[in-house]
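Okay, so here's the structure we're looking at.
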Amino acid sequence: MKLVFIGPPGVGKGTYAQAVSQRFQIPHISTGDIFREEVKRGSELGRKVQYYLERGLLVPDEIVVEVVKARLSQDDCRRGFILDGFPRTLAQAEALEGFAPPDLVLNFVADDSVIVERLSGRRVCSKCGAIYHVKYMPPRFPGTCDKCGAPLVVRKDDRPEVIAERLALYREQFSPIISYYERRGKLVTISANAQAPEVIPVVISTIERFLRGRGQL
Ligand code: ADP
Ligand code: ZN
């Protein structure tokens, strides 16, 4: 099962990907995570992409495509994968169609008001990186990490004044990719206005329905 997950920041993509990864035993591959990890390790690739990550710029297509190609050729991807954060340009979508055409593309949508509430309520531990939400996943003591006791902070790009800008950028960047998959009949749109425990079963049953349709379940 080759899956691509698309959705704006704050839609809960990572949470759904984790659930789908467990249910179908396929890896969750996030290009953002791969790049951050390489930068942390100080690898050759990390040094190459650090410039772009620090400036919030897209890593050049040639580099991203090579990284994804190499990752998908690993053994754990034989039965499929979930791509998260890739493709992010039309050129990347076209390249992917050439070496590992996705079976299904899940397009997660939520109302702007829901996204703004989720992102602006998010708090991150300044020390260990644990993630909380003031309303949906509050720490035991306000402003303090349950795990390590360090202060919680608002990520720079979760500030309310930046969120609208991120959403506009997302729409601009992804609308051609969404149309690309729509034209190929691969796109399924899933509403993620509800909380994750309600959305996850919808995601799972959408994938199961697709597999059944192909006689693979
Ligand atoms: P963000 O929502 O902050 O962009 P991601 O985790 O998706 O978070 O990506 C982090 C960074 O990694 C991006 O800002 C970009 O520099 C790089 N990146 C990740 N995926 C891609 C991609 N498919 N194409 C180009 N750059 C990417
Ligand atoms: Zn902590």
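The values are calculated or read from the model by the stated rules, or taken from the named source; none is laboratory data. Treat the numbers as computed from the prediction; the structure is a model and nothing was measured. Positions of Cβ are generated from backbone atoms using ideal geometry, with glycine treated the same way; all protein chains shown enter the neighbour counts.
Would you point out which residue out of Ala130, Ala164 is of a type in the set (A, V, I, L, M) and closer than 30 Å to Ile178 by Cβ?
When all the criteria are applied, what remains is Ala164.
Lys147 fails exactly one of the following numbered conditions: (1) buried (at least 17 other Cβ atoms within 10 Å of the Cβ); (2) modelled with pLDDT of 95 or more. What is the number of that condition?
(1)
Identify the single condition in (1) within 12 Å of ligand 1 (Cβ to nearest atom); (2) in a helix (DSSP H, G or I) that Glu117 does not satisfy, given that it satisfies every other one.
(1)
Among residues belonging to the range 185-213 that are without any contact (Cβ under 8 Å) to a residue 12 or more places away in the chain and outside any helix (DSSP H, G or I), point out the one that is nearest to Leu119 (Cα to Cα). Don't jump to the end; show me each part of the working.
Applying the first criterion (without any contact (Cβ under 8 Å) to a residue 12 or more places away in the chain) to the range 185-213 yields 185, 194, 197-198, 201, 205, 208-209, 212-213.
Right, trim to outside any helix (DSSP H, G or I) and you get 185, 194.
Values: Gly185: 31, Ala194: 15 Å.
It comes out as Ala194.
Are there any strands (runs of 3 or more DSSP E) wholly within the range 1-96 with 2 or more residues that are more than 16 Å from ligand 2 (Cβ to nearest atom) and under 16 Å from Ile204 (Cα atoms), and if so which?
Correct list: 2-6, 81-84.
Would you call Pro176 under 18 Å from the mean Cα position of the chain (by Cα), exposed (fewer than 14 other Cβ atoms within 10 Å of the Cβ) and in contact (Cβ under 8 Å) with a residue 60 or more places away in the chain?
yes
Per-residue answers, yes or no, for (1) under 20 Å from Ile190 (Cα atoms); (2) at pLDDT 95 or above; (3) touching a Phe, Trp or Tyr at 6+ places or on another chain (Cβ under 6 Å):
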{"position": "Val68", "(1), (2), (3)": "no, yes, yes"}
{"position": "Gln74", "(1), (2), (3)": "no, yes, no"}
{"position": "Arg88", "(1), (2), (3)": "yes, yes, no"}
{"position": "Leu104", "(1), (2), (3)": "yes, yes, yes"}
{"position": "Asn107", "(1), (2), (3)": "yes, yes, no"}
{"position": "Ala110", "(1), (2), (3)": "yes, yes, no"}
{"position": "Val116", "(1), (2), (3)": "yes, no, no"}
